[in-house]
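The values are calculated or read from the model by the stated rules, or taken from the named source; none is laboratory data. Since we're looking at a predicted model, the values are computed, not measured. So basically every Cβ, Gly included, is an ideal-geometry build from the backbone, and we count neighbours across all protein chains shown.
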């Protein structure tokens, strides 16, 4: 597959670049002997970008192994998150949901790598630049989706619902919604609108999973810790600089008030469940992260 020769709009800068970070983490995770998740397409995304040639794709390429703050600790966090959200979506599918919407899909390859039941449709919403890069890489691998895949170019900070419905989304059918690593970057008002739109487009049996940080601002000691500093200095991604600022809405509470059944988890709950993954540490960059799982139960 040919490596991209120049900048990739929407991918190699800002929030889009974090999609490459997650893809590299998934590639490394794929080759761990105790892998939490496997993504056979992740390495191709990383190698197709113009400035990630020195990023690791295998545990043997990670200096310091699990102790490395970037590819060890943060990378394993992304591996755990991938596994937990894979399980969540497949549980929705086993319960009969056949419509999936990936909000801010990034370089997600779930339409290709998960064992979807027949008749499943996966809608992927992201910027046109991210989707075009993703499609070019997938075409180069000869990948064939397991589910019916429908990319949808839209800005999730604006009105994206019309584009989704125009791509064939059925608001009368139960939906499994996923916002993996999205709400961290959205302004508060955009988060409120997104939750309102998901609620409006969801019927009983629909599910939603997303990630937030529970606190408005982390302490200077946390922001100056090795996970954030190593990510900034080694691969040029300033995660705290990308996070939305200001008071955050209580989206879980808003969903509960509208009749959704809501569960809030710490990532470490799943480290304990699976017997592997990141563990708490002093001045922890992961301590405020929460994964929310909700099911629409109203009539």
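General observations
- Output for region 242-258, where each listed residue is touching a helix residue (DSSP H, G or I) at 6+ places or on another chain (Cβ under 8 Å) and in a helix (DSSP H, G or I): 242, 251, 254, 255
- Residue 35 being part of a helix (DSSP H, G or I), surrounded by fewer than 22 Cβ atoms within 10 Å (Cβ to Cβ), modelled with pLDDT of 95 or more and more than 15 Å from the chain's Cα centre (by Cα): no
- Count of region 150-170 residues which are touching a strand residue (DSSP E or B) at 6+ places or on another chain (Cβ under 8 Å) and surrounded by 13 or more Cβ atoms within 10 Å (Cβ to Cβ): 12
- Considering 70, 57, the condition of being assigned to a loop (DSSP other than H, G, I, E, B), at pLDDT 95 or above and surrounded by 20 or more Cβ atoms within 10 Å (Cβ to Cβ) is satisfied by 57 alone.
- Taking region 39-54 as the range and being assigned to a loop (DSSP other than H, G, I, E, B) and either at positive phi or surrounded by fewer than 23 Cβ atoms within 10 Å (Cβ to Cβ) (or both) as the test, the residues that pass are 40, 41, 50, 51, 52, 53, 54.
- Among the numbered conditions (1) under 19 Å from residue 75 (Cβ atoms); (2) touching a helix residue (DSSP H, G or I) at 6+ places or on another chain (Cβ under 9 Å), the only one that residue 266 does not meet is (2).
- If you go through region 1-32 and keep only what is at pLDDT 95 or above and surrounded by fewer than 17 Cβ atoms within 10 Å (Cβ to Cβ), you end up with just 31.
- Looking only at region 263-281, residues that are touching a strand residue (DSSP E or B) at 6+ places or on another chain (Cβ under 9 Å), closer than 17 Å to residue 213 by Cβ and not in a helix (DSSP H, G or I) come to 3 in all.
- The lone criterion from (1) in contact with a strand residue (DSSP E or B) (Cβ under 9 Å, 6 or more places away or on another chain); (2) within 19 Å of residue 183 (Cα to Cα); (3) surrounded by fewer than 20 Cβ atoms within 10 Å (Cβ to Cβ) left unmet by residue 91 is number (2).
- Looking only at region 89-109, residues that are without any contact (Cβ under 8 Å) to a residue 60 or more places away in the chain and within 17 Å of the chain's Cα centre (by Cα) come to 2 in all.
- Residue list for region 200-241, restricted to those being farther than 22 Å from residue 278 by Cα, buried (at least 18 other Cβ atoms within 10 Å of the Cβ) and within 20 Å of the chain's Cα centre (by Cα): 206, 207, 208
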